[in-house]
Amino acid sequence: VQLQASGGGLVQAGGSLRLSCAASGTTFSMVTMGWYRQPPGKEREFVASIVSGRDPNYADSVNGRFTISKDTAKKMVYLQMNSLKPEDTAVYYCRLRAWSTNRAFWGQGTQVTVSS
């Protein structure tokens, strides 16, 4: 399984970015797709997750500002980030968890920097 994240960059506070994650080497069914982030000097934390047929889950800190979505046919997962804040600055990782094995796979991370 390979996950390729992209779309990070530098943006001013209040701006928007859209992250993308392409999955390969796996089916896109019976998996949980998620986004996590690791702010400078801090632990990696949950941002959002999505499962087909269920409502997405969001961390309280991003709820109402970020939207996770996926395109099963393209094996892509997205994170639309609006109203960005400096505290959203982090390396963002996409994650796939396979239900059959409960094994998790991580992408390489993409840097998001929000300037004040």
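The values are calculated or read from the model by the stated rules, or taken from the named source; none is laboratory data. The model shown is predicted, which means the values in this text are computed figures rather than measured ones. Don't worry about glycine lacking a Cβ; one is built from the backbone with ideal geometry, like all the others, and counts go over all protein chains shown. In case anyone asks, the SASA skips ligands and DNA or RNA and just uses the protein heavy atoms, side chains included. Shrake-Rupley method; radii C 1.70, N 1.55, O 1.52, S 1.80 Å.
Conditions tested, residue by residue: (1) open to solvent by less than 50 Å² (accessible area, probe 1.4 Å); (2) modelled with pLDDT under 95.
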site	(1), (2)
4	no, no
54	no, yes
67	no, no
81	yes, no
93	yes, no
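Here is the figure for region 37-52: residues that are without any contact (Cβ under 8 Å) to a residue 60 or more places away in the chain and surrounded by 12 or more Cβ atoms within 10 Å (Cβ to Cβ) total 10.
Residues in region 99-116 that are surrounded by fewer than 16 Cβ atoms within 10 Å (Cβ to Cβ) and over 16 Å from residue 18 (Cα atoms): 99, 100, 101, 102, 103, 104, 106, 108, 115, 116. In this structure, does residue 18 turn out to be part of a strand (DSSP E or B), open to solvent by 60 Å² or more (accessible area, probe 1.4 Å) and out of contact with any helix residue (DSSP H, G or I) (no Cβ under 9 Å at 6 or more places or on another chain)? Considered against the rule, which asks whether it is part of a strand (DSSP E or B), open to solvent by 60 Å² or more (accessible area, probe 1.4 Å) and out of contact with any helix residue (DSSP H, G or I) (no Cβ under 9 Å at 6 or more places or on another chain), residue 18 comes out as yes.
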